[in-house]
Amino acid sequence: MVDTTIMLVCTSGMSTSLLDSKMKKAAEDKGIDVEIFAASASDADNNLANKNIDVLMLDPQAKYMEKEFAGKLADSPTNLAVINMQNYGKMKGEKVLNEVLTMLGQ
């Protein structure tokens with residue numbers, strides 16, 4: 001059973017796919033049961049409506065949507081953050097995963 005579901009959101013859904021893979025590998029290496037997937041900003045609402053998302057991470061280019069998502073998540077237990085630009089640019093999946101785990105108090 002998956003303990004945590006993380007959705008990575010970018011404007012097109014494509015640039016987060018590599019980070020998604022690297023985060024999955026880091027989770028596997030740590031023995032963490034987590035679902036991680038990338039979605040475009042236009043598909044994020046659909047995923048929020050149909051899945052229990054624990055953490056929504058916006059890529060740095062989608063930072064301008066942070067307030068919009070914060071409003072949508074106001075009554076939700078979903079955590080929201082913008083991915084650190086250096087970690088995103090260098091596709092440091094383990095560091096981004098560690099950031100998520102810290103947010104969740106793990």
* Structure fact -> With the convex hull built on the alpha-carbon atoms of the chain, volume per residue in Å³ sits at 90
* Segment Thr78-Glu94, length gained on full extension (0.36 nm per residue, minus Cα span) -> 3.7 nm
* Packing-based order for 75-82, 30-37, using average beta carbon neighbours within 10 Å, highest first -> 30-37, 75-82
* Answer with one residue from Gly71, Pro60, Ala49: the one whose Cα lies farthest towards the positive end of the charge dipole of region 40-100, charges on Cβ with Lys, Arg +1 and Asp, Glu -1. => Pro60
* Asked: Where nothing but the Cβ of Lys and Arg (+1) and of Asp and Glu (-1) is charged, how large is the charge dipole of the chain around its Cα centre, in debye to the nearest 20?
  -> 360
* To do: Any chance you could count the Lys pairs in the chain whose alpha carbons are under 13 Å apart, treating pairs 8 or more apart or on different chains as valid?
  => 9
* Structure fact -> Subtracting the Cα-Cα distance of Lys63 and Ser12 from 0.36 nm times their residue separation yields 17.0 nm
* To do: Determine the relative contact order of the chain: mean sequence separation of Cα pairs under 8 Å and six or more apart, normalised by residue count, in whole percent.
  => 33
* If you count, for each residue, the other Cβ atoms within 10 Å and average over each peptide, how do 53-60, 39-46, 66-73 line up from highest to lowest? -> 53-60, 39-46, 66-73
* Structure fact -> Within region 67-106, the residues whose backbone N lies under 18 Å from a label point placed 7 Å from the Cα of Lys25 along the Cα-to-Cβ direction are 87-99
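Where a number appears in this text, it was derived from the coordinates with a stated rule and is not lab data. Being a predicted model, the structure only gives us computed values, none of them experimental. Reconstructed Cβ throughout: ideal geometry from the backbone, glycine too, with neighbour counts over all protein chains shown.
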